[in-house]
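The block underneath contains the structure these notes are about, expressed in structure tokens.
The values are calculated or read from the model by the stated rules, or taken from the named source; none is laboratory data. From a predicted model like this one, the values you see are computed outputs, not experimental measurements. For neighbour counting, all protein chains shown are included, and Cβ atoms are generated from backbone atoms with ideal geometry for every residue, glycine included.
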Amino acid sequence: MGRLILASASPRRREILSLLGLSFEVIPSKVEERTYGDPITTARKLSREKALDVWRNNKDALVIGADTLVFIDGKIIGKPKDEEEAVRILEYLSGRWHRVVTAVSFVGPGVRKTVHDVARVKFRRLTTEEIKHYVGTGEPMDKAGAYGVQGFGSTVVEKIEGNFYTVMGLPIVKVYQVLKEISIL
């Protein structure tokens, strides 16, 4: 297989995929995010839609699409629309466990595969001042659950059960296994 394309504008996904030493292009998909019932089904369908969206114009390539969702109490916690919503999300997650699912789809000539991984994350108890300071950094604004585990948001995460990279946005172990299976690595 010739070209490898990451169908994501996420700098975090780019950084994680780079760990495998592969050369790849980045072509973000234009798929609008929506919900398909439960979080795992939603993440899997969205990752597939994103990969297919980019593959339609790059049929000679293997395209990797991904979607990460945060969920708690049966509810998907998306990206905050504004700073007020980011504060509300962080207050809701404060001191609690939640789950993060990242699904990854691989679409290319003769390849249609989707995998996912789930991790549990516990926030430490946050003060109102800490939440407002964190939201003021701007970091929570483009992230599911209003935090980034790899940035300043690492100060709010007390524990992770599962793969760190799943929480960051690309479960590298699963990606590596699929790329080996389809003879890319």
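Of all residues in the stretch 126-155, those satisfying the criterion of being touching a strand residue (DSSP E or B) at 6+ places or on another chain (Cβ under 9 Å) and either farther than 30 Å from residue 48 by Cβ or not small (Gly, Ala, Ser) (or both) are 143, 147, 149.
Results for (1) crowded, with 19+ Cβ neighbours inside 10 Å; (2) touching a Lys or Arg at 6+ places or on another chain (Cβ under 7 Å), shown as yes or no for each residue.
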| site | (1), (2) |
| --- | --- |
| 90 | yes, no |
| 94 | no, yes |
| 98 | no, no |
| 102 | yes, no |
| 108 | yes, no |
| 112 | no, no |
| 125 | no, no |
| 129 | no, no |
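Could you tell me whether residue 40 is touching a Phe, Trp or Tyr at 6+ places or on another chain (Cβ under 7 Å) and touching a residue at least 60 places away in the same chain (Cβ under 8 Å)?
On the way: touching a Phe, Trp or Tyr at 6+ places or on another chain (Cβ under 7 Å): no; touching a residue at least 60 places away in the same chain (Cβ under 8 Å): yes.
In short, no.
Restricting the stretch 51-82 to residues that are among the charged types (D, E, K, R) and assigned to a loop (DSSP other than H, G, I, E, B), the residue that is farthest from residue 33 (Cα to Cα) is 60. The set of residues in the stretch 135-146 that are assigned to a helix (DSSP H, G or I) and either under 19 Å from residue 161 (Cα atoms) or within 20 Å of the chain's Cα centre (by Cα) (or both) comprises 135, 139, 140, 141, 142, 144, 145, 146.
What tally of residues in the stretch 14-23 results from selecting those that are within 18 Å of the chain's Cα centre (by Cα) and closer than 18 Å to residue 61 by Cα?
Narrowing the stretch 14-23 to residues within 18 Å of the chain's Cα centre (by Cα): 14-20.
Adding the requirement that they be closer than 18 Å to residue 61 by Cα leaves 14, 17-18, 20.
Within the stretch 14-23, residues that are within 18 Å of the chain's Cα centre (by Cα) and closer than 18 Å to residue 61 by Cα number 4.
Restricting attention to the stretch 114-123, and to residues there that are farther than 28 Å from residue 5 by Cα and touching a residue at least 40 places away in the same chain (Cβ under 8 Å), which single residue is surrounded by the most Cβ atoms within 10 Å (Cβ to Cβ)? Only one residue tops the list, namely 121. In this structure, residue 75 does not satisfy being under 15 Å from residue 168 (Cβ atoms), modelled with pLDDT under 95 and of a type in the set (D, E, K, R).
With respect to residue 154, determine if the residue is hydroxyl-bearing (Ser, Thr, Tyr) and in a loop (DSSP other than H, G, I, E, B). Answer is no for this residue.
Table: residues versus (1) more than 15 Å from residue 12 (Cβ to Cβ); (2) not in a loop (DSSP other than H, G, I, E, B).
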position: 43; (1), (2): yes, yes
position: 49; (1), (2): yes, yes
position: 84; (1), (2): yes, yes
position: 92; (1), (2): yes, yes
position: 112; (1), (2): yes, yes
position: 125; (1), (2): yes, no
position: 150; (1), (2): no, no
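Taking the residues in the stretch 131-185 that are of a type in the set (Lys, Arg) and more than 15 Å from residue 101 (Cβ to Cβ) as candidates, determine which candidate is surrounded by the most Cβ atoms within 10 Å (Cβ to Cβ).
Here is the first cut: in the stretch 131-185, the residues of a type in the set (Lys, Arg) are 132, 143, 159, 174, 180.
Those still in the list that are more than 15 Å from residue 101 (Cβ to Cβ) too: 132, 159, 180.
Numbers: 132: 14, 159: 10, 180: 10.
Among those that are of a type in the set (Lys, Arg) and more than 15 Å from residue 101 (Cβ to Cβ), it is 132.
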